[in-house]
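> My questions will all concern the structure given below.
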Amino acid sequence: MLRFLRRQSMRWLFLLGFCELVLLALSLALATYIRYAYNPEELAEFTTHLPERSLAFAVIIVIGMIALGQYQAHIRMTRFGLVARQFVAFVLGGVLLVIGYYIVPQAYVGRGVLAIALTLGFVLVLALRTLFLQLVEVDALKRRVLILGAGNRAAQIHNQMRRRTDRRGFFVVGYLPRANEIVAVPDDHLIRTHFPLHVLVQREQIDEVVVGVDDRRGHLPMDDLLECRQMGITITDLTSFFERESGRLQLTILDPSWLVFSGGFNATPLRQLSKRCFDLGTATLLMLLCWPLMLLEALAIRVESGPGQPILYRQERVGAHGRTFLLLKFRSMRTDAERDGVARWASKNDDRVTRVGRISRKLRIDELPQLWNVLKGDMSIVGPRPERPQFVANLASQIRYYSLRHCLKPGLAGWAQLSYPYGATVEEAAEKLKYDLFYVKNHNLLLDMLILIQTVEVVLFGRGAR
């Protein structure tokens, strides 16, 4: 039974979401009975469609929590941060509910019921989430992982995944060095044994073997690995393990053969059609919702800069398959920001940024004109951020696989923007590329929707803005 629980640990996040959905639905039902306990007529009226109203309430609040990153696989925050983000999520959900009640008056539950339901839901979800975070830290409930190899490749797990939050889904039992392998893992993490691999796996109750030897040619115990597979043990390549557990591709261990044979890179006509429909629908909706904000931004730029100064800024960027296009933005810098013609990354507290531009960059308002680029087909709603040709040429010459990010249209939002702050150096661009390649390889409609929803968190907290 314990092994079954460990095997299912990667699905606990979905279980958490389902349990919170149930708790939130129960919160509205309970709030209705509390509010109208002494008014049978109104109680009968508001309980007529109570299941549907409860489900709608729960779904909207969960969407708010998704938007604030509450269902990320690697939740890294303090207890105060957990409470603060959940509070903002409930406020956002409450606002969405009020808008929904305005659009569909029949769904209205009353201010008193809504207030009680939000309060009850907040307390119940916070209690459940606190318990959940404690449970996932119990090593006995994590997948027991054995690393086959103790060289430079295997040491990446020890060096790159040190934090407790990086290992929420698994527990490394140890590293099993191979013959003639230069050991790069500390001795206290090594397992030295004369037992065959399949015997060791059974004795240590291993759930997964991660193959991380430096040189596979003639150094893999294939018979033992096959024996482990027959025992139901998962055998995973080190690169695939990193991809699954960290949401990025580790460039230092990436090789072309793995990219070719590992799957992903969905470019079927059906996927292209679904992505284009998603882009057109979302861009049109955002245009309709944001046009007042865009009008205010244009007026603010005109007031600050004066008549005759440009409001929009056009800049050449690299799009899909290396083709360039003109990207539209609200101008957030002085008109002489690059008077010498040299392209520069924006720096922190950049003095070229105007007062209006500083606010619009923080709130991402300056990027709203890119919705027109999406409608034209130059960009997608979700994808790697487009870079300038000068930067692309420089980065492609220094970072391996950099050109792979251009096999998709660039996006207004992206997985790298959620996972990593603004990059203004070659090293930071390499880190962001790990997340861009993960998206390029694994993109689908559901991931696009989740990234778009979670982009609300980036805007609200100003992460990665310069």
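> Given the options 299, 293, 326, name the one that is surrounded by fewer than 14 Cβ atoms within 10 Å (Cβ to Cβ) and in contact with a strand residue (DSSP E or B) (Cβ under 6 Å, 6 or more places away or on another chain).
326 is the lone residue from the list that is surrounded by fewer than 14 Cβ atoms within 10 Å (Cβ to Cβ) and in contact with a strand residue (DSSP E or B) (Cβ under 6 Å, 6 or more places away or on another chain).
> Of the residues in the range 448-466, how many are within 30 Å of residue 260 (Cβ to Cβ) and either at pLDDT below 90 or among the β-branched types (Val, Ile, Thr) (or both)?
Summing the residues that are within 30 Å of residue 260 (Cβ to Cβ) and either at pLDDT below 90 or among the β-branched types (Val, Ile, Thr) (or both) in the range 448-466 gives 2.
> List the helices (runs of 4 or more DSSP H) that sit entirely inside the range 32-121 and contain at least 3 residues that are within 27 Å of residue 457 (Cβ to Cβ) and modelled with pLDDT of 90 or more.
Qualifying helices (runs of 4 or more DSSP H): 50-67, 79-103.
> Hey, another quick one. Assess whether residue 122 counts as being assigned by TED's automatic domain parsing to the domain that holds residue 45 and closer than 30 Å to residue 45 by Cβ.
Criteria met by residue 122.
> I'd like to check something: does the range 163-184 contain any residue that is within 30 Å of the chain's Cα centre (by Cα) and exposed (fewer than 13 other Cβ atoms within 10 Å of the Cβ)?
Yes; the residues of the range 163-184 include at least one that is within 30 Å of the chain's Cα centre (by Cα) and exposed (fewer than 13 other Cβ atoms within 10 Å of the Cβ).
> Quick one: residue 315 ticks every box in (1) modelled with pLDDT of 95 or more; (2) within 25 Å of residue 352 (Cβ to Cβ); (3) under 31 Å from the mean Cα position of the chain (by Cα) bar one, so which box is it?
(1)
> Ok, one more. Report yes if some residue within the range 395-409 is within 30 Å of residue 285 (Cα to Cα), in contact with a Leu (Cβ under 7 Å, 6 or more places away or on another chain) and not aliphatic (A, V, I, L, M); otherwise report no.
Looking for residues that are within 30 Å of residue 285 (Cα to Cα), in contact with a Leu (Cβ under 7 Å, 6 or more places away or on another chain) and not aliphatic (A, V, I, L, M), one finds at least one in the range 395-409, hence yes.
> May I pose another question? Give me the residue from the range 379-419 that is surrounded by fewer than 23 Cβ atoms within 10 Å (Cβ to Cβ) and aromatic (Phe, Trp, Tyr) and, out of that set, farthest from residue 325 (Cα to Cα).
So the residue we want is 401.
> Count, please, the residues in the range 291-330 that happen to be assigned to a helix (DSSP H, G or I) and of a type in the set (Phe, Trp, Tyr).
The number of residues fulfilling the criteria is 1.
> Return the residue satisfying two criteria in turn: it lies in the range 136-159 and is part of a helix (DSSP H, G or I) and free of Cβ contacts under 8 Å to residues at least 40 places away in the same chain, and of such residues it is surrounded by the most Cβ atoms within 10 Å (Cβ to Cβ).
In this case the residue turns out to be 155.
> What is the residue count in the range 92-118 for residues that are under 13 Å from residue 29 (Cα atoms) and either within 28 Å of the chain's Cα centre (by Cα) or exposed (fewer than 12 other Cβ atoms within 10 Å of the Cβ) (or both)?
Adding up the residues that qualify gives 1.
> With respect to residue 168, is the statement that it is in contact with a helix residue (DSSP H, G or I) (Cβ under 9 Å, 6 or more places away or on another chain), within 25 Å of residue 141 (Cβ to Cβ), modelled with pLDDT under 90 and not assigned by TED's automatic domain parsing to the domain that holds residue 79 true?
When the stated conditions are applied, residue 168 passes them.
> Still on this model: Between residues in the range 377-394 that are part of a loop (DSSP other than H, G, I, E, B) and residues that are surrounded by fewer than 16 Cβ atoms within 10 Å (Cβ to Cβ), which pairs lie under 6 Å by C-beta distance while being six or more apart or on different chains?
388/343
> Please list, ordered by first then second residue, the pairs with beta carbon atoms under 7 Å, 6 or more apart or interchain, first in the range 347-360 and in a helix (DSSP H, G or I), second of a type in the set (Gly, Ala, Ser).
356/300; 357/332; 360/332
> Continuing with the same structure: Give just the number: which of (1) closer than 15 Å to residue 173 by Cα; (2) not assigned by TED's automatic domain parsing to the domain that holds residue 166 does residue 258 not satisfy?
Among (1) closer than 15 Å to residue 173 by Cα; (2) not assigned by TED's automatic domain parsing to the domain that holds residue 166, residue 258 violates only (1).
> Another one. Test residue 252 against the criterion of being polar (S, T, N, Q), at pLDDT below 90 and touching a helix residue (DSSP H, G or I) at 6+ places or on another chain (Cβ under 7 Å), and give yes or no.
Answer is yes for this residue.
The values are calculated or read from the model by the stated rules, or taken from the named source; none is laboratory data. Predicted model, so just to flag it, every value in this text is computed and none were measured. No Cβ is skipped: glycine too gets one built from the backbone with ideal geometry, and neighbour counts run over all protein chains shown.
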